[in-house]
Amino acid sequence: MLTFTHRTALVTGAGRGIGKAIAEALARHGVAVICVSKSADSCGAVAAAINASGGKAKALAVDVADGAAIAKAVEELQKEFPAIDILVNNAGITRDGLLFRMSDADWNDVISTNLTSCFHFCKLVGRPMTRARYGRIVNIASVSGIMGNAGQANYSAAKAGMIGLTKTLAREFAGRSVTVNAVAPGFIKTDMTTEFVNNPEASAKILEAVPLKRFGEAADIANMTAYLCSEEAGYITGQVFTVDGGMAM
Ligand code: NAP
């Protein structure tokens, strides 16, 4: 069992997939979880299930690609939750295509949803953490941001950007005992990867590059993230943990 002493977490993209698994894992450890997603239905269902099973959760629908919406939402939240001790930047999208066919809109949507959102949340939620001299920030990057991936110029640039942001904020916040780490998933079975996982040819090709010869589960990412959010992980900062079945070693 990991230690969390009366902690509150904000998890973006908590409506489905990896973010849902992270929110549920933190809630099982007694953390009060603010579940953020784009649609009120998806974060609402996750928060309701956590509350129904004896945990504590609040749903919050925010478009994380909209900096002004994030600022308004965080300002409101801070009235109800003066201390948000844990921040998991997980919301993300893909708009894949080879560079010469990638539109400006596909570039901008991925950068604003996956990377600029992380900048806004770290700034707004990170400031009270530094004042409180305690905090855990985990940014969900990707092996695409480490290795690159043909067809994902926008996505791999956003994820590499998250890794740079993680390392810089780890240095900026270290004096205040706020740790900042990244988790870089490989291929995980979620809505984002359904088209590859359900395509026998595509999945066989992907699994050739995965030494453990299986796709990951959302729980594989949630387990690592929960550890990094726990009090036991207080001496770890500025690191990127690949959880990818050995793909990027
Ligand atoms: P997913 O199943 O598609 O879920 C994405 C979540 O992000 C949803 O809850 C969605 O909200 C939310 N979201 C997307 N755009 C948003 C926006 N503009 N505002 C607010 N919320 C938004 O994705 P996933 O596979 O769990 O991926 C989670 C993270 O892991 C992403 O950052 C992804 O890049 C990263 N990752 C995934 C894999 C993988 O193999 N799955 C691999 C590497 C990295 P709604 O529910 O409201 O739509």
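The values are calculated or read from the model by the stated rules, or taken from the named source; none is laboratory data. Remember, it's a predicted structure, so these values are computed and weren't measured experimentally. For neighbour counting, all protein chains shown are included, and Cβ atoms are generated from backbone atoms with ideal geometry for every residue, glycine included.
Might you let me know whether segment 135-149 holds any residue that is over 18 Å from Ala9 (Cα atoms), surrounded by fewer than 24 Cβ atoms within 10 Å (Cβ to Cβ) and away from the ligand (no atom under 14 Å from the Cβ)? Looking for residues that are over 18 Å from Ala9 (Cα atoms), surrounded by fewer than 24 Cβ atoms within 10 Å (Cβ to Cβ) and away from the ligand (no atom under 14 Å from the Cβ), one finds none in segment 135-149, hence no. In segment 12-26, the residues that are under 14 Å from Ala47 (Cβ atoms) reach residues that are of a type in the set (D, E, K, R) and more than 6 Å from the ligand (Cβ to nearest atom) with C-beta atoms within less than 6 angstrom, at least six apart or across chains, in these pairs: Ala14/Lys20.
Would you be able to tell me the number of residues in segment 189-207 that are more than 12 Å from the ligand (Cβ to nearest atom) and loosely packed, with under 12 Cβ neighbours inside 10 Å? So the answer is 5.
From the list Ala153, Ala184, Ala170, the one residue that fits, being more than 16 Å from the ligand (Cβ to nearest atom), in contact (Cβ under 8 Å) with a residue 40 or more places away in the chain and either crowded, with 18+ Cβ neighbours inside 10 Å or over 13 Å from the mean Cα position of the chain (by Cα) (or both), is Ala170. Taking every residue in segment 48-67 that is touching a residue at least 24 places away in the same chain (Cβ under 8 Å) and pairing it with any residue that is part of a loop (DSSP other than H, G, I, E, B) and within 14 Å of the ligand (Cβ to nearest atom), at least 6 positions away or on another chain, the pairs with Cβ-Cβ distances below 6 Å are Asp63/Lys38; Val64/Ala91. Looking at segment 220-249, which of the residues that are farther than 20 Å from Leu165 by Cα and without any contact (Cβ under 8 Å) to a residue 40 or more places away in the chain is nearest to the chain's Cα centre (by Cα)? The residue in question is Asp220.
Considering every residue within segment 224-240, establish whether at least one is closer than 18 Å to Met147 by Cα and modelled with pLDDT of 95 or more.
Yes - at least one qualifying residue is present in segment 224-240.
Residue count for segment 1-33, restricted to those that are more than 16 Å from Arg136 (Cβ to Cβ) and more than 10 Å from the ligand (Cβ to nearest atom): 3. The criterion of at least 3 residues that are closer than 16 Å to Ala226 by Cβ and at pLDDT 95 or above is met by the following strands (runs of 3 or more DSSP E) wholly inside segment 1-74: 8-12, 32-37. Of all residues in segment 110-150, those satisfying the criterion of being under 15 Å from the mean Cα position of the chain (by Cα), farther than 21 Å from Ala174 by Cα and among the β-branched types (Val, Ile, Thr) are Val110, Ile111, Thr113, Thr116, Val143. Is at least one residue of segment 100-116 at pLDDT 95 or above and either over 26 Å from Ala158 (Cβ atoms) or part of a loop (DSSP other than H, G, I, E, B) (or both)? So far as segment 100-116 goes, yes, one or more of its residues are at pLDDT 95 or above and either over 26 Å from Ala158 (Cβ atoms) or part of a loop (DSSP other than H, G, I, E, B) (or both).
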